[in-house]
Amino acid sequence: MADRHILHASDVTIEYPAHSVSAAHTAVRGVTLTVAPGEIVGLVGSSGSGKSTLAQVASGQAAVRTGNDGSPRVVGGSLEVLGYEMRGLKRRKLAEFTLGVGYVAQDAGSRLTSNMTVAELVAEPLFLRDKRFDRNEAGLRAATLVDALLLPVGTMLKQPHELSSGQRQRVAVARGLILDPVLLIADEPTAGVDVSVRGAVIDVIAGLQRSRGASALIVSHDLESLRRAVDRVAVIHEGVVVGLGTMDEVFDDPRHPYVASLAAELHDHEELHADDHEVEDDEDDEFEDDRFEDDYDIEDAAAGENGIAGGVAGDGDDAR
């Protein structure tokens, strides 16, 4: 199985067990889904549909929180990721599993360590894996990702509180990509990002993963952005997959009322943009020419006056 699929869900059911005053709740019901090597798959659905639950379990994040009785767990079927069976995955296997799986939460931007610079935040995973990682190489990798995600190179010197919510989320995406994961699971990676740059962020995720021969599962409500980037899309509604295939296969001939409603929204949105090519400025999330507001280039930002990534390399675990 592992040689044919990066992710393979077979009739998988995921449940939130009874906790405190809450009864048990089944969030995902009999889902079957695959992600092949090098494939980019989109996962869409309304709030509460089960898409984020599936992302948490597939990424191993739910297993990290096994001490929390309210964490979701696989109770039926099989969910295999990189050859690891997620049903009953032991904590001692998690470190090994997460070497190949990256995860970006929908609120990842709000969780960034407040007293670290962007350079340190993006590069930190490299040093958590290898404390002796070359700091100049780490700085260059971080600066390249920051630039690719349409952030000013000068952002490398800033701390999270100096950025907009959309910029913080893009920093979190860069952090999720820097370890070159075999599979990146991104849950609403453009949450808080200005509408005019969301498509470009999705494009970067898909493009980088494809160039590495790696895969991605992208949870997003932005159908227009997904259309440009994904190979296939799965639509989940009330815990059940109600549409699966290429964007054209799913939305040109919808077979479920919820898919039909999404298809109508997508069609209306595309018609609107066909008539209006003007892009409105967003004061909260500057992106248009802000990458070039500084007088130094990527190599300068990577090195900095004293080596931007040096704080991470020098402090090791203390940087967290």
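What follows draws every value from the coordinates through simple rules; no lab data is involved. Keep in mind that what you see is a predicted model, and the values were worked out from it rather than measured. No Cβ is skipped: glycine too gets one built from the backbone with ideal geometry, and neighbour counts run over all protein chains shown.
Structure summary
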quantity: Residue among Pro160, Gly77, Leu126 farthest towards the positive dipole end of segment 32-191, charges placed on Cβ; calculated: Gly77
quantity: Rough spin-label spacing in nm, given labels placed 7 Å along Cα→Cβ, for Val240 and Val64; calculated: 3.3
quantity: Cα centre as origin, Lys/Arg/Asp/Glu Cβ charges: segment 152-250 dipole, Debye; calculated: 400
quantity: Cβ-based charge dipole, segment 116-266, positive-most Cα from Pro189, Leu140, Gly199; calculated: Leu140
quantity: Check: segment 17-134 dipole with +1 on Lys, Arg Cβ and -1 on Asp, Glu Cβ, in debye; calculated: 400
quantity: Lysines whose Cα lies under 25 Å from that of Lys93, excluding same-chain neighbours fewer than 8 positions away; calculated: Lys51, Lys131
